[in-house]
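The values are calculated or read from the model by the stated rules, or taken from the named source; none is laboratory data. As the structure is a computational prediction, the values presented were derived from the model and not from experiment. Note that we place each Cβ from the backbone using ideal geometry, even for glycine, and neighbour counts take in every protein chain shown. Note: areas computed on protein heavy atoms with side chains; ligands, DNA, RNA excluded. Shrake-Rupley method; radii C 1.70, N 1.55, O 1.52, S 1.80 Å.
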Amino acid sequence: RKEVEQDPGPFNVPEGATVAFNCTYSNSASQSFFWYRQDCRKEPKLLMSVYSSGNEDGRFTAQLNRASQYISLLIRDSKLSDSATYLCAVALTGGNKLVFGAGTILRVKS
Amino acid sequence: GAVVSQHPSWVICKSGTSVKIECRSLDFQATTMFWYRQFPKQSLMLMATSNEGSKATYEQGVEKDKFLINHASLTLSTLTVTSAHPEDSSFYICSAPTRSSGNTIYFGEGSWLTVV
């Protein structure tokens, strides 16, 4: 079983749609959780950290469920520019050594 | 601007040669850096942890004699792919945590290696 698993997609959605991604992790000792965005042939860029209480940044909302060991990302009012691969990442104590999921491809179409 | 810089961005080399990729932290010191590899349509796989002033820690299955890592200063880590083969062609990317900004992890721009 992979340490971090994601649905690879692709998710094809129209502009304005709401889309949600899930990610599961196997190591219950994981302490830090993140969502990254990666554009084609580029480095991943941090989208947001994920906190136990859930957190929101504009159109993006992240949730963490420690009991079920999954994190989620909700994107509201999708824009064309949201098209990218979304990677979830987890880390053990210290939070520097990240383990990534394979990524979920999002394609927003007009 | 970038806080972690990688060089080169693109490199093409012949089979059997060695290629060095540099990862520099700009404006901050990094005692630890991480090297990842990403094959097309796959996730970033951690190869090794680069430790300033000591030996790198390699992940299981990564050949330390093939992927030489040197972290000679607090701002520079290098990855050398030795005796490169076509199957080593990949996207190599480094990351470094900074103690400021809430221990944010920054990634370099990545290096595309093509071995012909």
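Observations
- Of all residues in the range A:1-57, those being of a type in the set (Asp, Glu) and either open to solvent by less than 50 Å² (accessible area, probe 1.4 Å) or without any contact (Cβ under 8 Å) to a residue 40 or more places away in the chain (or both) number 3.
- Subset of the range B:72-94 (residues that are of a type outside the set (Phe, Trp, Tyr) and within 14 Å of chain A (Cβ to nearest Cβ)): B:SER77, B:SER89, B:SER90, B:ILE93, B:CYS94
- Matching option when the condition is more than 10 Å from chain A (Cβ to nearest Cβ), touching a residue at least 60 places away in the same chain (Cβ under 8 Å) and in contact with a Ser or Thr (Cβ under 6 Å, 6 or more places away or on another chain), among B:SER15, B:SER25, B:SER50: B:SER25
- Taken over the range A:25-71, residues that are hydroxyl-bearing (Ser, Thr, Tyr), more than 11 Å from chain B (Cβ to nearest Cβ) and part of a strand (DSSP E or B) amount to 3.
- Strands (runs of 3 or more DSSP E) (entirely within the range B:57-116) containing at least 1 residues that are polar (S, T, N, Q) and surrounded by 18 or more Cβ atoms within 10 Å (Cβ to Cβ): B:76-81, B:90-97, B:111-115
- Taken as a whole, the condition of being under 26 Å from A:MET48 (Cα atoms), away from chain A (no Cβ under 14 Å) and free of Cβ contacts under 8 Å to residues at least 60 places away in the same chain does not apply to B:THR104.
- Residues located in the range B:29-40, provided they are assigned to a loop (DSSP other than H, G, I, E, B) and either farther than 18 Å from A:ALA91 by Cβ or open to solvent by 20 Å² or more (accessible area, probe 1.4 Å) (or both): B:GLN29, B:THR31, B:PHE39, B:PRO40
- Residue that is least open to solvent (accessible area, probe 1.4 Å) [pool: residues in the range B:41-56 that are under 21 Å from A:GLN38 (Cβ atoms) and not in a strand (DSSP E or B)]: B:SER43
- Any chance B:SER111 is touching a residue at least 24 places away in the same chain (Cβ under 8 Å), within 14 Å of chain A (Cβ to nearest Cβ) and within 23 Å of A:ALA89 (Cβ to Cβ): yes
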